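Enquirer: Below you'll find the structure I mean.
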Amino acid sequence: MSDRDIARADAVYAALLERQGERWVQPRVERTRRVLELLDDPQKTYRVVHVTGTNGKTSTSRLIESLVRAHGLRTGLFTSPHLERFTERIMVDGEPIADAAVADAWDEIQPFVGLVDAELEAAGDAPLTFFELLTVLAFVAFADAPIDVLVLEVGMGGAWDSTNTADGDVAVFTPIDIDHADRLGETIAEIASVKAGIIKDGAAVVSARQDAAAEAVLREAAASQGATIAFEGTDFALVEQRLAVGGQQITVRGLAGTYEDEYLPLYGAHQGFNATLAIAAVEALIGGAAQPVAGDVLADGLSQATAPGRLQLVGIAPTVLVDAAHNPHGAAALATALREAFDFDEWGVVLGVFADKDAAGIVRALAPIATHVFATSPASDRAEEADRLADLAEAEGLPVTVHDDLAQAAEAARSWAAASDRRAVVIAGSVVLAGEALALADAEAWKSGWDA
């Protein structure tokens, strides 16, 4: 990787950041479709596994990609947001896209971006947004690679998300819960209806166990599209999971076979369910849900799976974990995992969330495992004030201190944890905070132990 290529890629990201922000969402998938038509529909040159839901989308997507790659197929993986660098969002064969490749793809799309922006302006509409353009950029880069299969994570919702310009051979639904209510709807049924928009004609649908209202919506949507649908717990299932060094052993009843005592190097019961969903998705994609995944292929795919920023160990002596839990459902899964998978008596929680998230719900979910809360703010203009988090923590009866930024909060938390070998730290509440923590842990060499 040359300095020139790095500079070209950084310039692409700078250009994207000049666009309407990632949080801004207007239901207008046709604008992305217009650019892709001008580019000859690159998203139709490979098979697609489309993933939506409320929690577990990125981990499930990464598991699916690893399993597909273990079959010897060339893969693309599109996820969001990124932890440290935007090229993490566009992965080719398990690695972030090369800087030169992303810059070349940008050069390809630029003339058409100008054309569509002009059309939008003439119609009194807003220009193409950050996420719309990022999606187009990724589709072009994957076609240029070229790849065989794209595992595609929805940005928000489903029906009108810019990723829905691709037609998923397999549509995957992780658990659906209340999130982004201002954009997607105030009930689980309404949110499920938006997410169900990724189900395409004749597709295979695999879903986690859902609330009854969400299941009914998904079944109706699948029937209307002539799609098959399979649910965890009924059509496939996580039969057993046991703690193991560095992760867990799982037994899965899939759509086409049973897989016993497979090693998954990820912590948390929720990751066992994510892996089960991923296996069913791959069975549906390869072999039409009638052919089991070969044992050596499955073992390789699961063992190579990673989930950066998800219960990731970033420090020792004291132990420090990072988790991107950014809503109550994710925070509850984190709390369960900390209780079940780790042998500590006290947890210091470094917490920073976005103002548009359910901060009270997150604090409430983490309260049962938190001994002390170190309240701070992610480095974002969307961040919730640390003082408000402190108020919420105090309302739950938790000791709390307030810190200006992550570096100060982490230093205080690590110092607190270093006082006893029965204490550990978890940093959570935001993907942005998780990214900051990974960079800080690396810069300060937390894995070499506490040296204060």
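Enquirer: Applying 1/(1 + (r/R0)^6) with R0 = 25 Å to the Cβ-Cβ distance of Arg219 and Glu186, what FRET efficiency is obtained, to the nearest 0.05?
Expert: 0.70
Enquirer: Under 8 Å for C-alpha pairs, at least 6 residues apart: give me the relative contact order for region 150-283, rounded to a whole percent.
Expert: Once normalised by length, the contact order is 19 percent.
Enquirer: Moving to a separate point now. Report the relative contact order of the chain, percent, no decimals, based on alpha-carbon pairs under 8 angstrom and at least 6 residues apart.
Expert: Working: 960 pairs, mean separation 66.7, N = 452.
With pairs under 8 Å counted, the relative contact order is 15 percent.
Enquirer: Output wanted: per-residue J couplings in Hz (rounded whole) for region 316-330, from phi through Karplus 6.51 cos²θ - 1.76 cosθ + 1.60, θ = phi - 60°, x for Gly and Pro.
Expert: Per residue, the Karplus-derived 3J(HN,Hα) values read 10, 6, x, 5, 10, 10, 10, 9, 7, 3, 10, 8, x, 4, x Hz.
Enquirer: To continue, here is another question. If Rh is defined by the Kirkwood formula over all Cα pairs and Rg also comes from Cα, what ratio Rg/Rh do you get for region 51-126?
Expert: Looking at region 51-126, the ratio lands at 1.10.
Enquirer: What translational diffusion coefficient, to the nearest whole µm²/s, does region 215-361 have by Stokes-Einstein, given a Kirkwood radius computed over alpha-carbon pairs, a temperature of 20 °C and 1.002 mPa s viscosity?
Expert: Answer, rounded: 125 µm²/s.
Enquirer: So what's Rg/Rh here for the chain, counting alpha carbon atoms and using the Kirkwood radius for Rh?
Expert: Working: Rg = 21.6 Å, Rh = 22.5 Å.
When Rh is taken as the Kirkwood radius, the ratio is 0.96.
Enquirer: Further question: Quick one: Cα convex hull volume of region 155-293, Å³ per residue?
Expert: Normalising the Cα hull of region 155-293 by residue number yields 108 Å³.
Enquirer: Sticking with this structure for a sec: Quickly estimate the mean residue ellipticity at 222 nm for the chain, helices only: each DSSP H run with n ≥ 4 gives -39500 (n - 2.57), and the total goes over all residues, rounded to 500.
Expert: Helices in the chain give a 222 nm mean residue ellipticity of -13000 deg cm²/dmol.
Enquirer: Under the definition of Cα pairs under 8 Å and six or more residues apart, what whole-number percent is the relative contact order of region 364-443?
Expert: On the way: 86 pairs, mean separation 23.8, N = 80.
It rounds to 30 percent for region 364-443.
Enquirer: Of the heavy-atom accessible surface of the chain (probe 1.4 angstrom), what whole percent is carbon and sulfur?
Expert: Exposed carbon and sulfur together represent 48 percent of the surface.
Enquirer: Moving on. When N counts the residues of region 92-220, how does its alpha-carbon radius of gyration compare numerically with 2.2 N^0.38 Å, as a ratio?
Expert: Against the compact-globule rule of thumb, the ratio is 1.22.
Enquirer: Across bins of 10 angstrom width beginning at 0, how are the C-alpha pair distances of region 345-452 distributed, in whole percent?
Expert: Reading the bins upward from 0: 16, 51, 29, 4.
Enquirer: If you don't mind, there's one more thing I want to ask. Return the loop-located GluC sites (Glu not before Pro) in region 118-220 (DSSP other than H, G, I, E, B) with at most 15 other Cβ atoms within 10 Å of their own Cβ; answer none if there are none. Mind showing how you got there, number by number?
Expert: Numbers: sites: Glu119, Glu121, Glu132, Glu153, Glu186, Glu190, Glu215, Glu220; in loops: Glu186.
Sparse-neighbourhood loop GluC sites (Glu not before Pro): Glu186.
Enquirer: Can you list the residues, at least 5 places off or on another chain, whose amide H is less than 5 Å from the amide H of Val51, using H built in the peptide plane?
Expert: Leu152, Glu153, Val154, Val172
Enquirer: Same structure, new question: Would you mind putting 372-385, 390-403 in packing order, based on average other-beta-carbon counts within 10 Å, highest first?
Expert: For the peptides 372-385, 390-403, the packing ranking is 372-385, 390-403.
Enquirer: Can I ask one more? Counting Lys and Arg as +1 and Asp and Glu as -1, what is the net charge of the other residues whose Cβ lies under 12 Å from the Cβ of Asp167?
Expert: Net local charge, Asp167 excluded: +1.
Enquirer: In Å², what does the accessible area per residue of the chain work out to with a 1.4 Å probe?
Expert: 39
Enquirer: State, to one decimal in nm², a quarter of the convex hull surface area for the C-alpha atoms of region 1-131, i.e. the direction-averaged projected area.
Expert: For the Cα atoms of region 1-131, the hull's average projected area reads 9.0 nm².
The values are calculated or read from the model by the stated rules, or taken from the named source; none is laboratory data. Owing to the predicted nature of the structure, the values given are computational and were not obtained by experimental measurement. A quick note on method: Cβ atoms are made from the backbone with ideal geometry, for glycine too, and the neighbour counts reach across all protein chains shown. What goes into the accessible areas is simple: the full protein's heavy atoms, side chains included, and nothing from ligands, DNA or RNA. Shrake-Rupley method; radii C 1.70, N 1.55, O 1.52, S 1.80 Å.
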